[in-house]
Amino acid sequence: MKNLKKISVEMVLPFLLAWFLMTVLVDIITIPTVFRNSTSIVDAGKIGMTVFGRFNAFEIVFGVIVLIGSIVNFKVLKNKKWMFFAAPLLVLAFIYKFYMTPMITNTTYEIHKTEVSDPRYAELQSQHAQYHNMYRYFDTSKLIFLLVFMGVVLSDRVKSNKEIA
């Protein structure tokens with residue numbers, strides 16, 4: 001059991017780094033490339049929604065593993081700092097998976113079913129832009145949060161190594 005606790009704490013930093021790098025890969029490389037190289041914006045949107053939907057599931061896994069490591073860290077070292085980062089990141093992952101991505105997806109499908117001349121079309125476009133902007137704001141915040149959390153974890157690791165030496 002002691003080894004399992006140690007492993008769960010040690011896995012926090014690699015999972016934070018993987019989460020950060022996967023977010024950068026999806027947001028900054030993959031999705032823009034899809035939109036740049038697709039001949040149909042509708043097809044590019046479908047691919048984007050699929051990629052984000054699948055990535056959101058990975059984010060929940062990352063969030064759960066990071067939270068477990070943070071809880072163990074708290075129980076063993078009485079260090080609450082990690083919890084202040086891990087819990088909001090997991091909540092954000094759930095918001096992405098069960099609210100943001102479905103709302104963008106549903107709004108997109110509604111836009112494609114609505115005639116351009118329909119007054120509802122402009123309303124749907126505005127709603128879609130609002131969700132998209134919120135998603136970008138949340139993702140930028142998440143990346144900053146992940147970087148700061150990695151810094152906190154590294155700082156704690158350096159301090160604990162100095163105490164041992």
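Bear in mind these aren't lab numbers, they're just calculated from the coordinates by the rules spelled out. Quick caveat, the model's predicted, so the values are computed rather than measured. Don't worry about glycine lacking a Cβ; one is built from the backbone with ideal geometry, like all the others, and counts go over all protein chains shown.
Only helical DSSP H runs with n ≥ 4 go in: add -39500 (n - 2.57) per run for the chain, normalise by residue count and round the 222 nm mean residue ellipticity to 500 deg cm²/dmol. Please report the intermediate quantities before stating the final value.
Details: 7 runs with 140 residues, N = 165.
Value at 222 nm, helices only, nearest 500: -29000 deg cm²/dmol.
Beyond a 20 Å Cα-Cα separation, which of these cross-linked pairs lie in this structure: LYS81/LYS142; LYS6/LYS159; LYS75/LYS97; LYS75/LYS159? Provide the component values of the computation, followed by the final result.
Values: LYS81/LYS142 17 Å; LYS6/LYS159 17 Å; LYS75/LYS97 29 Å; LYS75/LYS159 18 Å.
Table pairs above 20 Å Cα-Cα are LYS75/LYS97.
Give the average over all directions of the projected area of the C-alpha convex hull of the stretch 1-85, one decimal, in nm².
On the way: hull surface 24.5 nm².
Dividing the Cα hull surface by four gives the mean projection, 6.1 nm².
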Return the distance in nm (one decimal) between the two label points of a simple spin-label model at ARG54 and VAL148, each offset 7 Å from Cα along Cα→Cβ. 3.2 nm
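Could you compute the net charge surrounding LEU92? Neighbours are other residues with a C-beta less than 11 Å from the C-beta of LEU92; K and R count +1, D and E count -1.
Details: positive: LYS97, LYS142; negative: GLU59, ASP139.
Net of charged neighbours comes to 0.
Quick one: which of 134-144, 34-44 comes out on top by average Cβ neighbours within 10 Å, and what's the full order, highest first? Spell out each step's value before the answer.
Working: 134-144: 14.4, 34-44: 11.6.
Per-residue Cβ counts within 10 Å, averaged per peptide and sorted highest first, yield 134-144, 34-44.
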Taking R0 as 30 Å and r as the Cβ-Cβ distance between PHE84 and LEU4, the FRET efficiency 1/(1 + (r/R0)^6), rounded to the nearest 0.05, comes to 0.80
At what distance in nm do the modelled label points of PHE94 and TYR137 sit from each other, each positioned 7 Å from its Cα along Cα→Cβ? 2.2 nm
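If you place +1 on the Cβ of every Lys and Arg, -1 on the Cβ of every Asp and Glu, and leave all else neutral, what size is the dipole of the stretch 6-125 about its Cα centre, to the nearest 20 Debye? Don't skip to the answer; put the middle values down first.
On the way: 11 positive and 8 negative charges, 144 e Å.
The dipole of the stretch 6-125 has a size of about 700 debye.
Restricting to Cα pairs below 8 Å that are 6+ residues apart, what does the relative contact order work out to for the chain? Please round to a whole percent. Numbers along the way, then the final one.
Working: 108 pairs, mean separation 45.1, N = 165.
In percent, rounded to a whole number, it is 27.
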